[in-house]
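K.L.:
One structure, as structure tokens, below. Some questions next.
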Amino acid sequence: MTEDVAGSANVLLAREKTPRPAVNLLRRYLFGADHKTIGKQYFLLSLVAVFTAIALSWFMRLHLAWPMARLPWLAKLAPNGAPSGIMTPEYYLSLLTIHGTIMVFFVLTTAPIAGFGTFFLPLQIGAPEMAFPALSRLGFWITCVSFGVLLSTFFISDGPPISGWTAYPPLSALGTDAGPGEALGQTLWTLSLGLFCIAQVLTAINFITTTLDLRAKGMTLARLPITVWTWFVTAVMMLIGFPVLLAAALMLLLDRLAGTSFFVPAGLVVSDTLQNHAGGEPLLWQHLFWFFGHPEVYIAILPALGIISLILPAFARKPLLGQRAMTVCGIAIGALSFLVWGHHMFVSGMNPFSAMTFSLPTLIITLPSATACLLLIGTLYGAKMRFKTAGLFCMAFISVFVTGGLTGFFLAQPSIDAYLHATYFVVGHFHFVMGVAAIFAIFAGTYFWFPKMFGRMMSERLGQLHFWPTFLGVYCIFMPMYFLGFAGNVRRYAQFSDDYLLPLMPVHKFITVAALVTGAFQLLFLWNLIWSAVRGERAADNPWEATTLEWSTTSPPAPRNFSAPVVVYRDANAYGPADNGRDFWAQSEPAGASAVSVRTGGGE
Amino acid sequence: MGKLFGILLTAITLASAAIFAAHIWWMPANISAQGAAVDRLMRDTLAGTGLLFLTAQLLLAIFAWQFGEHRNGTVSNFPGGSKPLIALALLVVGIEIAAFTLLGAKVWASVYMRPAETGELAIDVQAEQFAFYFRYAGPDGKFGALHPAQINETNNNFFGLDLENDPAARDDIVSGTLAVPVNRPVLLTLHPQDVGHSFYVPELRIQQDFVPGLIIPVRFTAVRTGRYEIVCTQLCGLGHYNMRAYLDVMQPDQFDGWLKANQAK
Amino acid sequence: MGVQGLKPGDHRFYMRLSVSALASAVIALLLAGCGQPNGSKDARVEAPEKPSGPVLTLDPAATGSITGTVKIEGSLKQITGIISPCGKGGNASAPPPPPTETKAEPANIVIYLKSGLGNYHFDTPTNPVSLDQQNCTYQPHVLALMVNQPLQIQNSDPVAHNIHVLSKVNPQWNHSEPSGVAPIMESFSKPELAIHVICKLHPGMSAFVFVFDNPYYAVTSSSGAFDLKNVPPGTYTVEAWQQQLGTEDQTVTIAPKESKTLSFVFKSGGSSGD
């Protein structure tokens, strides 16, 4: 299979020898389907999304720490949501909802796979383009429209929805009776979600086909870089998971607009009004949502794991320990992620026996995760680590992924989860694994791949200035949330007025200050991006001396990526003493003599 | 840089571990007969994960310190390669998984799969935006039927009882406080009026969602008197943060007096 | 196998695709906008009879007045919320005191013209009517104002309140009002009787608002007295509304410059209304 499909990529290259004619900006950026352009556009979209969501989180944290503070600028920004500058409870909940929705979908599902993947998948397999460029283009448009629809909820009279990114019905299904923001805002949110699902399915189809069909000569499945493996597994997960969310979103829209009752039973009295529904099940939404929702969080972390596994060896100057095992871990995590959704529902009213059937796979999924962490730590052993920013973020990833992942042991056990569910312990857990670890992987990927994407180096000094406060800062923000969780501090509260919560206010103030300071340091990252894109030092083809195929072409790559058909001779793990005068072998570098392998027996 | 990373990570790790170990912010004292088992499991999980936390973070810190670019020597592989490491991970984590699953199943069943007990006090609980209401069966020991269409908040008829025609409903006691006698098994039946809510008393180590359309039982036995907060943990609208009630655990004679005083209303 | 579909840059493909995508988005948004909120609306008449016919001019020289008092016979049980307002505290083991049956005061009774008023035009008063929130109660408990007259809602408590207007004729709305912010100004565009206003954050906190398109209404104080001045001549059904006891009607004919006295009596059955 490898030989004949690999040939097609080279045939395409051979056909397209004539340089493309100059195209005007509109055609290129709106209608053009060059995967590198689209990858950068996704990256830009994620950048806008993440800073929007960080701003929302600042407003939230300010309100939590000082609920009575008057913020005049907020009164101007949101006269309904913060009259006289004091935030209403419903506005807090709407900020929370949009913050979560943006972060999970438009940052963590977009940047690692749609962003970096669209740019680097064809490059890393030696292809000139994705299999379906039109799907790339369409996927990006739809994602943009989805983002626009989501943001539009801030500009309607009743505001954004208040039911969280999880949008449990009946709160999300009953319309205005259930509360402010639950009218048009919730409908637009659901519409935005549906559009996003469609875009992701298109992306997934594109990724799977490209990976299977467009590999260059010699790029067997076993030689695929770890990032390509994780993108592939993630794409399969997206293909299975997102249609389920789409179905749920459609059913929610029908309940809201067409009088159906998928999720709403009879006999509900909301705001003095007997609701006109019968026969629905709120738990049906929870099952559908979490059947998608749990794989979704692994869709967020798996490409991140791949990115770290790719970048760490490049800076350690030695191969990834147990590369094949790491790939197997990725596949295992992907497969197991579909068996665990009920751990979000231990106290939801399901038959308590089911808690045991979900707890066991949830605990089992820690096996591949723990193995992956140990392999990364083991890669550092005996390294000659170059502590560039990208490498530092790789090491920091390991730390925060361990911190976040270990707390999963608590939440995976139903009787302990009965205490910790819906407390700040959960908030700390998912922020560590998603909001920190996956983001650190995006940072690592950015510092690593920026030269290839933009042809210029990012400032290493600004990178270090960004890294150290960020690493300390995220621990200051999210570690205290575990303490709050043990104390029973409930989440999604606009304010803390319960007797037992008042003594915890100093912790909340600490977290708020940490969040503001750490968030401010992310502006350094933004500045570094902008300045470097315009004035950064010109990048060589392979500034990091890395092995994967993208580094064997120019920075940035030419329109069809490679000037000559690519032939692959080895996998991406060839770091370490080599008899070619350097300490690595590129994947497409033919061997003069046989390469001296640094691998001792056992590892691979 | 590597040394700085090592130092910073070590400081963070030790500081966090110390705070956890010292229980500076910790669970409030347990008041439930079944809670001690949950606390033991929590303590064991903290110990097990704490060990893994310290090991992984400190190893990472040490390697960051030791294996920088400018050290002497060439790159070397992990002793034994990846296989021993993978075997170790699978073994250690596997043992923890087996232990937690077996122990945890018993603890879970002891709280959430309790059979009915003789003499248990049945209390009906309704959650709505944004309050909890508790209903006692009254002297006849029977709960009146619920009619959502007859719910009238201005008349304190939160449950929708048909007071004119239903004799079982007339003596039902409706309260904003959950009063229970100490050391007596209690059965709560949870149902919401409007959207999803949840019942959480940290001291009881119990949390249970209210699901529209379902009536969900919760059983517990409180073994210490006092006043404890019941808070809502399922996002239910703008008043979610303010939705609370009190659990008053009293001596049996005090509880009887409370019932009588409420019946007079 | 390989690159499928139209070549990148084929404008017709993208044009068609973008048009159909836009069209679907527009249709979807229209669907969203047209969606009806769920919930059945009460079919009862919520507003007094609307006068018909040509607009008449009020002759100030010819107006009369309707005065009188309202009494409640029998005792009325105070309905106190079973959760203390403003939430927390209280003695752990002492039960709340049972409510006392007291001689009912004829306060917070609304008197208005149910029917008979001609189609006069009345200027909208510009002075705002005030609704305050103190100690987790609405002050006043019952208020009346005219269509489009400003209602000034302020929060004098140290906690946030939420004003949920459960109107059935006017559009419903629901705003939170944190402590100490500038008052919320609202108004009602249609006449409506007995709009229930509650605070979602504090169960038991409720008020009633009456919206009229004429100035002939009164809300009684504890004396039970009312005085409707400058009423044009005509035959009217005058209605009195009490929260627990419902309504009482009386018919009266006013000649030019005539003043008539009415007496309303509500009979309480003692332990009704619980």
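The values are calculated or read from the model by the stated rules, or taken from the named source; none is laboratory data. These figures come from a predicted structure and were not determined experimentally. We place every Cβ from the backbone using ideal geometry, glycine too, and count neighbours over all the protein chains shown.
K.L.:
With the checklist (1) within 27 Å of residue B:113 (Cα to Cα); (2) more than 9 Å from chain B (Cβ to nearest Cβ) in hand, flag the one item residue A:296 doesn't pass.
P.N.:
All conditions pass for residue A:296, except number (1).
K.L.:
Something else: For region B:134-181, which residues satisfy the criterion of being under 30 Å from the mean Cα position of the chain (by Cα) and polar (S, T, N, Q)?
P.N.:
B:156, B:157, B:175, B:177
K.L.:
If we only count strands (runs of 3 or more DSSP E) wholly inside region C:208-274, which ones have 1 or more residues that are touching a Gly at 6+ places or on another chain (Cβ under 7 Å)?
P.N.:
C:225-231, C:234-242, C:246-254, C:259-267
K.L.:
Note down all Cβ pairs under 8 Å where the first residue falls in region B:53-72 and is facing another protein chain (nearest Cβ under 7 Å), the second is surrounded by fewer than 17 Cβ atoms within 10 Å (Cβ to Cβ) and basic (Lys, Arg), and they're at least six residues apart or on different chains.
P.N.:
The qualifying pairs are B:64/B:3; B:68/B:3.
One line per residue, one yes/no per condition, for (1) within 22 Å of the chain's Cα centre (by Cα); (2) not hydrophobic (A, V, I, L, M, F, W, C):
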{"position": "A:343", "(1), (2)": "yes, yes"}
{"position": "A:356", "(1), (2)": "no, no"}
{"position": "A:371", "(1), (2)": "yes, yes"}
{"position": "A:382", "(1), (2)": "no, yes"}
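K.L.:
When residues of region A:400-436 are filtered for being over 21 Å from residue A:368 (Cα atoms) and either among the hydroxyl-bearing types (Ser, Thr, Tyr) or modelled with pLDDT under 95 (or both), how many remain?
P.N.:
4
K.L.:
Could you please find all residues in region C:59-116 being in contact with a Lys or Arg (Cβ under 9 Å, 6 or more places away or on another chain), charged (D, E, K, R) and modelled with pLDDT of 60 or more?
P.N.:
C:73
K.L.:
Would you be able to tell me the number of residues in region B:17-39 that are touching a residue at least 24 places away in the same chain (Cβ under 8 Å) and either of a type outside the set (A, V, I, L, M) or not assigned by TED's automatic domain parsing to the domain that holds residue B:107 (or both)?
P.N.:
Number of matching residues: 7.
K.L.:
Among the residues of region C:146-156, is any within 11 Å of another protein chain (Cβ to nearest Cβ), among the polar types (S, T, N, Q) and over 15 Å from the mean Cα position of the chain (by Cα)?
P.N.:
There is at least one residue in region C:146-156 that is within 11 Å of another protein chain (Cβ to nearest Cβ), among the polar types (S, T, N, Q) and over 15 Å from the mean Cα position of the chain (by Cα).
K.L.:
Here's another thing I want to ask about it. Report yes if residue A:392 is within 16 Å of residue A:314 (Cβ to Cβ) and at the interface with chain B (Cβ under 9 Å from one of its Cβ atoms), otherwise no.
P.N.:
yes
K.L.:
Within the set of pairs 6+ apart or on separate chains, which have a first residue in region C:193-221 that is without any contact (Cβ under 8 Å) to a residue 40 or more places away in the chain and over 15 Å from residue C:114 (Cα atoms), a second that is part of a strand (DSSP E or B) and of a type in the set (S, T, N, Q), and C-beta atoms under 8 Å apart?
P.N.:
C:196/C:206; C:198/C:206; C:200/C:162; C:200/C:174
K.L.:
Suppose we filter region A:165-200 for residues that are more than 11 Å from chain C (Cβ to nearest Cβ) and surrounded by fewer than 22 Cβ atoms within 10 Å (Cβ to Cβ); how many remain?
P.N.:
Of the residues in region A:165-200, 2 are more than 11 Å from chain C (Cβ to nearest Cβ) and surrounded by fewer than 22 Cβ atoms within 10 Å (Cβ to Cβ).
K.L.:
Let me ask something else. What's the number of the condition residue C:149 fails, among (1) of a type outside the set (Asp, Glu); (2) modelled with pLDDT of 90 or more; (3) in a strand (DSSP E or B)?
P.N.:
Status for residue C:149: all satisfied but (3).
K.L.:
Here's another thing I want to ask about it. Inside region B:214-243, can you point out the residues that are over 16 Å from the mean Cα position of the chain (by Cα) and crowded, with 21+ Cβ neighbours inside 10 Å?
P.N.:
Those that are over 16 Å from the mean Cα position of the chain (by Cα) and crowded, with 21+ Cβ neighbours inside 10 Å: B:236, B:237, B:238, B:239, B:240, B:241, B:242, B:243.
K.L.:
If we scan region A:207-218, do we find a residue that is touching a Ser or Thr at 6+ places or on another chain (Cβ under 9 Å), modelled with pLDDT of 95 or more and under 24 Å from residue A:376 (Cα atoms)?
P.N.:
Checking region A:207-218: not a single residue is touching a Ser or Thr at 6+ places or on another chain (Cβ under 9 Å), modelled with pLDDT of 95 or more and under 24 Å from residue A:376 (Cα atoms).
K.L.:
Taking region C:168-203, which residues are in a loop (DSSP other than H, G, I, E, B), more than 8 Å from every other protein chain (Cβ to nearest Cβ) and within 17 Å of the chain's Cα centre (by Cα)?
P.N.:
C:168, C:169, C:170, C:171, C:187, C:188, C:189, C:190, C:191, C:199
K.L.:
Now, a different point. Against the definition (surrounded by fewer than 18 Cβ atoms within 10 Å (Cβ to Cβ), in a helix (DSSP H, G or I) and within 14 Å of chain B (Cβ to nearest Cβ)), how does residue A:254 come out, yes or no?
P.N.:
Here the answer is no, as residue A:254 does not meet what is asked.
K.L.:
Could you list, in sequence order, all residues of region A:493-512 that are touching a residue at least 60 places away in the same chain (Cβ under 8 Å) and surrounded by fewer than 16 Cβ atoms within 10 Å (Cβ to Cβ)?
P.N.:
Within region A:493-512, A:505, A:509 qualify.
K.L.:
Further question: Mind listing whichever residues of region B:68-98 are small (Gly, Ala, Ser), at negative phi and surrounded by fewer than 15 Cβ atoms within 10 Å (Cβ to Cβ)?
P.N.:
Within region B:68-98, B:87, B:98 meet the criteria.
K.L.:
When you scan region A:416-530 for helices (runs of 4 or more DSSP H) that lie fully inside it, which ones turn up with 1 or more residues that are farther than 25 Å from residue A:306 by Cα?
P.N.:
Of the helices (runs of 4 or more DSSP H) lying wholly inside region A:416-530, those with at least 1 residues that are farther than 25 Å from residue A:306 by Cα span A:424-430, A:460-486.
A quick yes/no check of all residues on (1) among the acidic types (Asp, Glu); (2) assigned to a loop (DSSP other than H, G, I, E, B); (3) touching a residue at least 40 places away in the same chain (Cβ under 8 Å):
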residue: A:38; (1), (2), (3): no, no, yes
residue: A:50; (1), (2), (3): no, no, yes
residue: A:56; (1), (2), (3): no, no, yes
residue: A:63; (1), (2), (3): no, no, yes
residue: A:76; (1), (2), (3): no, no, no
residue: A:79; (1), (2), (3): no, yes, no
residue: A:92; (1), (2), (3): no, no, yes
residue: A:137; (1), (2), (3): no, no, yes
residue: A:142; (1), (2), (3): no, no, yes
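K.L.:
When you check residue B:6 against the structure, is it at the interface with chain A (Cβ under 9 Å from one of its Cβ atoms) and either on the phi < 0 side of the Ramachandran plot or touching a residue at least 12 places away in the same chain (Cβ under 8 Å) (or both), yes or no?
P.N.:
no
K.L.:
Mind listing whichever residues of region A:120-133 are within 13 Å of chain C (Cβ to nearest Cβ) and buried (at least 22 other Cβ atoms within 10 Å of the Cβ)?
P.N.:
Those that are within 13 Å of chain C (Cβ to nearest Cβ) and buried (at least 22 other Cβ atoms within 10 Å of the Cβ): A:122, A:127, A:128, A:129, A:130, A:131, A:133.
K.L.:
Among (1) under 29 Å from residue A:307 (Cβ atoms); (2) part of a loop (DSSP other than H, G, I, E, B); (3) more than 13 Å from chain C (Cβ to nearest Cβ), which single condition is residue A:101 missing?
P.N.:
That leaves (2) as the condition not met.
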